[in-house]
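Enquirer: Please find one structure pasted underneath; my questions will follow.
The values are calculated or read from the model by the stated rules, or taken from the named source; none is laboratory data. Everything quoted here is computed from the prediction, not taken from an experiment. Heads up, the Cβs are rebuilt from the backbone with ideal geometry, glycines too, and the neighbour counts pull from every protein chain shown. Please note that ligands, DNA and RNA were not included when accessible areas were found on the heavy atoms of the full protein model with its side chains. Shrake-Rupley method; radii C 1.70, N 1.55, O 1.52, S 1.80 Å.
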Amino acid sequence: VPLEKVTASLTLLREAVARFGRVVYSSSLGIEAVVLTDLIHANNLPIDIFTVDTGRLPEPTLELIARQERKYGRAIKVYFPLAEAVEKYVAANGINGFYDGLEQRQSCCNIRKVEPFNRAVAGYSAWVTGVRREQSAERATTQPVEQDPRNGIFKISPLLDWKIGEIWAYVRSNKLPYNPMHDAGYPSIGCAPCTRAVEPGSDERSGRWWWESPDSRECGLQPRKPRVTA
């Protein structure tokens, strides 16, 4: 991994803490999350870490939480969707109603991921994400520091210019624990029923919500349009 990229990522994180004060990292538990979790812990950055257990995550994803906690000796705070909201959704749409249409799928994502996320970032001035420009055309427009108008806080993206090969080089050179599903054709891993393996060389996020048009394949945490940079 080019040292300048690691340095640039750490500099952005430190500048975010200096500028915004309370900063939190929203870990997706994906391969980028492995890198960011290590950057934060290995450099003792004062950034809290949380993740969202949607209730439909694959077991290897949940096991990764425990593996990271053992490695770093620090807990990852886990947020869950509100049980009553999940029950109402399933009663109205069925257990896998998200396959029936975009509105149903986005409603499920909102209940299981976005609402817990909103609770998790409450009280913080900025949140950190692991998006990279090469992941999708939409994400290619992301800036390192952006306003996130949904929560009235800023979004920090330290890995924007990292290539997937550099992500893996960092993980392997530091012998970091990661989700073994990545080795089975899952470059991007979300909820189990909404994620499938892809052929080598395919778009990284093509296995997420694969039955939808590519331009709708986001859960709602990432803005759909470029935002004004800070």
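Enquirer: If you restrict to DSSP beta bridges whose two residues both lie in the chain, what percentage is antiparallel, to the nearest 5? If you can, show how the numbers build up before the last one.
Expert: Working: 6 of 18 bridges.
DSSP beta bridges in the chain are roughly 35 percent antiparallel.
Enquirer: Taking amide H atoms as placed 1.01 Å from N in the peptide plane, list the residues 5 or more away in sequence, or in a different chain, whose amide H sits under 5 Å from that of Ile49.
Expert: Those lying under 5 Å, H to H, from Ile49 are Tyr25, Lys77.
Enquirer: Hey, can you grab everything whose amide H is under 5 Å from the amide H of Ile153? Only 5+ residues off in sequence or another chain; H modelled, so Pro and N-termini drop out.
Expert: Counting only residues 5 or more places away or on other chains, the set is Asp148.
Enquirer: On a 1.4 Å probe surface of the protein chains, which of Arg119, Arg70 comes out largest in accessible area, and what is the full order? Write out the running numbers ahead of the final one.
Expert: Working: Arg119 85, Arg70 170 Å².
Final ranking, largest accessible area leading: Arg70, Arg119.
Enquirer: Working with all protein chains in place, sort Val17, Val171 by solvent-accessible area computed with a 1.4 Å probe, largest first. Mind showing how you got there, number by number?
Expert: Numbers: Val17 35, Val171 0 Å².
Ranked from most to least accessible, the order is Val17, Val171.
Enquirer: State the answer as a single residue: which of Ala120, Ser157, Phe20 lies farthest towards the positive end of the charge dipole of the chain, with beta carbon charges of +1 for Lys and Arg and -1 for Asp and Glu, about the Cα centre.
Expert: Phe20
Enquirer: How large is ³J(HN,Hα) for each residue in segment 55-68, as worked out from phi by the Karplus curve 6.51 cos²θ - 1.76 cosθ + 1.60 (θ = phi - 60°), to whole Hz, x for Gly and Pro?
Expert: So the Karplus estimates, Gly and Pro as x, are x, 10, 6, x, 4, x, 5, 5, 5, 5, 4, 5, 5, 5 Hz.
Enquirer: Here's a follow-up. With the calculation restricted to Cα positions, what are the radius of gyration and Dmax of the chain in angstrom?
Expert: Looking at the chain, its Cα Rg and Dmax stand at 16.9, 52 Å.
Enquirer: If you put +1 on each Lys and Arg Cβ and -1 on each Asp and Glu Cβ, how big is the dipole of the chain around its Cα centre, in Debye rounded to 20?
Expert: Numbers: 30 positive and 27 negative charges, 102 e Å.
The dipole magnitude comes to about 480 debye.
Enquirer: Which residues in segment 1-45 place their backbone N less than 16 Å from a point set 7 Å from the Cα of Glu134 along the Cα-to-Cβ direction?
Expert: Output list for this probe position: 1-6, 31-33, 35.
Enquirer: Here is a follow-up. Against the longest alpha carbon principal axis of the chain, how many degrees, from 0 to 90 and to the nearest 10, is the axis of helix 3-20 turned?
Expert: Computed tilt is about 80 degrees.
Enquirer: Counting only heavy atoms of protein chains, what accessible area per residue, in Å², does segment 1-155 have with a probe of 1.4 Å? Kindly include the intermediate steps, with their values, before the conclusion.
Expert: On the way: 7050 Å² over 155 residues.
That works out to 45 Å² for each residue.
Enquirer: Continuing with this model, one more query. At 1.4 Å probe size, with the rest of the protein present, what percent of the exposed accessible area of segment 106-170 is carbon and sulfur atoms?
Expert: C and S atoms contribute 52 percent here.
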